[in-house]
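Reading through the structure tokens given below for one structure.
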Amino acid sequence: MIVSDLMSKDLIYVNPETSVTDARALMTKENVNKLPVLDRDNRLVGIVTKNDLSKAAPSQATTLDMYELSYLLSKLKVEKVMVKNVITVNQNEVIEEAARIMADKNVGCLLVMNGDLLVGIITESDLFHAFIEMFGARHRGVRFMADMAEKPGELAKISQSIAELGGNIVSIVTSEGKDVSKRRITCKVTHVTLEQVRSMLENMDIEPFDIREV
């Protein structure tokens, strides 16, 4: 998957001259926590979050009354509170790189660019959906985890054995294990029973450290 496969394209945004009051109202209306900020030429110049708007509000210890507060916030512009150094990603980037950037930068979303043009936004929620798809979570079947030798052809043996049982692989994910000479696999198979898979792995001299019907 690439970022453009997952990103939201229906963007809700504000401009630098939008008041903090209007930006807050828009967030509430659209049920969003972040708004890109675009200038008059539709160029990305910042991003404003609900947290940014909250920090802009006067302290609760203020002596101003409600009307004075409302007046002040209506005069305060988004450009004064927005984050200008926006972290972005290209629409053709792979999703695992987008996830790495979010984790390393400790951010919950990335604005998606096509050159200088803002074309979407990808969030943690979008990545959760991708995670569900990659692990075949919506399919009922047999799921097992095992360590296999880190050498060519090992996955082919698994695939061939499952095919001979009449099974269908709906998900297979590999990751690094504790032993650098092995590769950890997580595999989900349909149209076979738990005992069939267990017997298959035993015949292949593979000992799963987790196997279950899910």
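Structure data summary
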{"quantity": "Hey, S125 touching a strand residue (DSSP E or B) at 6+ places or on another chain (Cβ under 6 Å) and of a type in the set (G, A, S) or not", "calculated": "no"}
{"quantity": "Residue list for segment 163-202, filter: free of Cβ contacts under 8 Å to residues at least 12 places away in the same chain and part of a helix (DSSP H, G or I)", "calculated": "A163, E164, E195, S199, E202"}
{"quantity": "Selection from segment 180-214 of residues that are open to solvent by 70 Å² or more (accessible area, probe 1.4 Å) and of a type in the set (D, E)", "calculated": "E195, E202, D205, E207, E213"}
{"quantity": "Residues (in contact with a helix residue (DSSP H, G or I) (Cβ under 8 Å, 6 or more places away or on another chain) and within 18 Å of K80 (Cβ to Cβ)) located in segment 23-44", "calculated": "A23, R24, M27, K34, L35, V37"}
{"quantity": "Any hit, segment 148-162, residues being under 30 Å from I211 (Cβ atoms), among the β-branched types (V, I, T), touching an Asp or Glu at 6+ places or on another chain (Cβ under 8 Å) and touching a residue at least 40 places away in the same chain (Cβ under 8 Å)", "calculated": "no"}
{"quantity": "Single unsatisfied condition, K77 versus (1) basic (K, R); (2) buried (at least 16 other Cβ atoms within 10 Å of the Cβ); (3) at pLDDT 95 or above", "calculated": "(3)"}
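The values are calculated or read from the model by the stated rules, or taken from the named source; none is laboratory data. Keep in mind that this is a model prediction, so the values were computed, not measured. With ideal geometry, Cβ positions are generated from the backbone for all residues, glycine too; neighbour counts draw on all protein chains shown. Note: areas computed on protein heavy atoms with side chains; ligands, DNA, RNA excluded. Shrake-Rupley method; radii C 1.70, N 1.55, O 1.52, S 1.80 Å.
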